[in-house]
1. What are the residue pairs meeting all of these: first residue in the stretch 253-280, first residue closer than 17 Å to residue 33 by Cα, second residue part of a loop (DSSP other than H, G, I, E, B), Cβ atoms under 7 Å, and 6 or more apart or on different chains?
2. Go over the candidates 262, 241 one by one and state the one that is in contact with a strand residue (DSSP E or B) (Cβ under 9 Å, 6 or more places away or on another chain) and either under 21 Å from residue 50 (Cβ atoms) or part of a strand (DSSP E or B) (or both).
3. I'd like the full set of residues that are in contact with a strand residue (DSSP E or B) (Cβ under 7 Å, 6 or more places away or on another chain) and within 19 Å of residue 188 (Cβ to Cβ), limited to the stretch 119-143.
4. Residue by residue through the stretch 22-66, note down the ones that are within 23 Å of the chain's Cα centre (by Cα) and without any contact (Cβ under 8 Å) to a residue 60 or more places away in the chain.
5. When you check residue 220 against the structure, is it in contact with a helix residue (DSSP H, G or I) (Cβ under 8 Å, 6 or more places away or on another chain), crowded, with 16+ Cβ neighbours inside 10 Å, at pLDDT 95 or above and not in a strand (DSSP E or B), yes or no?
6. Within 22 Å of the chain's Cα centre (by Cα), under 26 Å from residue 74 (Cβ atoms) and in contact (Cβ under 8 Å) with a residue 40 or more places away in the chain: is that true of residue 155 in this structure?
7. Looking at the stretch 107-129, can you tell me whether even one residue there is modelled with pLDDT under 95, closer than 24 Å to residue 214 by Cβ and buried (at least 19 other Cβ atoms within 10 Å of the Cβ)?
8. Search the stretch 144-186 for residues being out of contact with any helix residue (DSSP H, G or I) (no Cβ under 7 Å at 6 or more places or on another chain) and assigned to a strand (DSSP E or B), and hand back the single one that is surrounded by the fewest Cβ atoms within 10 Å (Cβ to Cβ).
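The values are calculated or read from the model by the stated rules, or taken from the named source; none is laboratory data. Treat the numbers as computed from the prediction; the structure is a model and nothing was measured. Counting neighbours? That spans all protein chains shown, and the Cβs are built from the backbone with ideal geometry, glycine included.
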């Protein structure tokens, strides 16, 4: 009877019309360097524990749009120019050819100091003109940058956040921030350094706690296939942004055949190369 039931399930699965789902996949080696040249035969997909046939695996060469958010709040006054500005400029210089970017700061309120384009020099000058002040409004900046991305299927997008954990303020509840970030379709990369700085900002209504930071940053990176790099001090930001630069390079688009109308799709991607790390983004039709 068990064999008969199993055969019936296999028959029903085989007779169900297949549909194709697509997701982004990032593959890096032990040093965090992007792995190039993968072919479909090197990848395997498990969906809800069931093996699915891979129909396509190719490097994602769509144009890249990157929103960069930099903590320029008053508590970061000691670290902003010393540790953050040059590291962010170096990241912009390492973006793939043809990438466009915009830069936000979080002094008292989110402010887009460099509009969409590819002029790294102009972005560098804009960052150097910023005077750190106020509380950290990074959560509001995430909402604004996510909305500003206006993602198109012909492009790929990412949001890079560089922030400490000093006193902050927001107009949004933390779950709303994660929901709006996920709705943008962007991949989130967060570099969080364990610095609170010395603040003259008084605590008050709307204060963001460490739990809020962690909830949002973990939520947006896990949901979008991104990464969260945590360093003990702002001195670790340049190295962490090097990893982000690698993560933004050479993602793959993977498609696989599946069955329709599944209530949940828990997907795992394995790559037949030793020592690699695989991250995946949301599954889309």
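1. 271/38; 273/35; 275/29; 275/30; 276/29; 276/35; 279/225; 280/225
2. On the way: 241 fails: either under 21 Å from residue 50 (Cβ atoms) or part of a strand (DSSP E or B) (or both).
The match here is 262.
3. Within the stretch 119-143, 136, 137, 138, 139, 141, 142 meet the criteria.
4. Within the stretch 22-66, 31, 37, 61 meet the criteria.
5. Working: in contact with a helix residue (DSSP H, G or I) (Cβ under 8 Å, 6 or more places away or on another chain): yes; crowded, with 16+ Cβ neighbours inside 10 Å: yes; at pLDDT 95 or above: yes; not in a strand (DSSP E or B): yes.
Answer is yes for this residue.
6. On the way: within 22 Å of the chain's Cα centre (by Cα): yes; under 26 Å from residue 74 (Cβ atoms): no; in contact (Cβ under 8 Å) with a residue 40 or more places away in the chain: yes.
So residue 155 fails the test.
7. Within the stretch 107-129, one or more residues are modelled with pLDDT under 95, closer than 24 Å to residue 214 by Cβ and buried (at least 19 other Cβ atoms within 10 Å of the Cβ).
8. 169
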